[in-house]
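> Here you go, one structure.
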Amino acid sequence: MAMTSSKQLQSILQAEQHVSAQLLEIMMAERSALIESDTDVISEMSEKKQPLVLQLEQLARHRDSVLQAEGFTTDKEGLAAFIANQTQQDEVALNTIMSQLKTTAHECRENNQINGGIVNVNRQHLQRAMNIFRGRDVNANSYGPGGEYTNQVVRQPLLGRV
């Protein structure tokens, strides 16, 4: 017996939910590694994320093909219309999966933004340290040799003073 389009979509959405939950776990581990500056774990998490992202893209294409085969658009409205045209039992099942998937996707988005923010802050600190090391820190607010407040303390690269 062939699987109905509703059952196909349920299966795809459940797979998307499963992969998204795995991605979320990795992003949370990645955050801990970013906070601790554990480059080995950061690299490991990046390597683990890539195949999951590819799986999600493949599942999205499969979901789109099911919707298109049934004459629906592949956007949110098309998905909602497809779900609304199902039996009540299938509609409830699809809406339940969609609710879980939306929650997980939202959490993934939030974690991605937080992790990106941590990366940016770390990058800024590194850039500032490199500028100080090179004697180019124009934003350094400190005290000069005479005790005066200045933002021009570093005038010569640290290597030139050593």
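> For the stretch 34-68, give me the residue count where each residue is more than 30 Å from residue 7 (Cα to Cα), in contact (Cβ under 8 Å) with a residue 12 or more places away in the chain and within 15 Å of the chain's Cα centre (by Cα).
Count: 4.
> Being among the β-branched types (Val, Ile, Thr) and touching an Asp or Glu at 6+ places or on another chain (Cβ under 9 Å) narrows it down to one of 96, 74, 87, so name that one.
Values: 96 fails: touching an Asp or Glu at 6+ places or on another chain (Cβ under 9 Å); 87 fails: touching an Asp or Glu at 6+ places or on another chain (Cβ under 9 Å).
On inspection, the qualifying residue turns out to be 74.
> Criterion first (among the hydroxyl-bearing types (Ser, Thr, Tyr) and out of contact with any helix residue (DSSP H, G or I) (no Cβ under 6 Å at 6 or more places or on another chain)) does residue 103 satisfy it?
Yes; evaluated as a whole, the condition is true for this residue.
> Does any residue in the stretch 118-139 that is within 19 Å of residue 38 (Cβ to Cβ) come within less than 6 Å, Cβ to Cβ, of a residue that is at pLDDT 75 or above six or more places away or on a different chain, and which pairs are these?
So the pair list comes out as 118/34.
> Still on this model: Just to be sure I understand, how many residues within the stretch 20-33 are within 11 Å of the chain's Cα centre (by Cα) and aliphatic (A, V, I, L, M)?
Adding up the residues that qualify gives 5.
> Would you point out the residue of the stretch 110-133, among those that are surrounded by 12 or more Cβ atoms within 10 Å (Cβ to Cβ) and of a type in the set (D, E, K, R), that is modelled with the highest pLDDT?
110
The values are calculated or read from the model by the stated rules, or taken from the named source; none is laboratory data. What you see is a predicted model, and the numbers here were worked out from it, not measured in a lab. Note: ideal-geometry Cβ built from the backbone for every residue, glycine included; neighbour counts use all protein chains shown.
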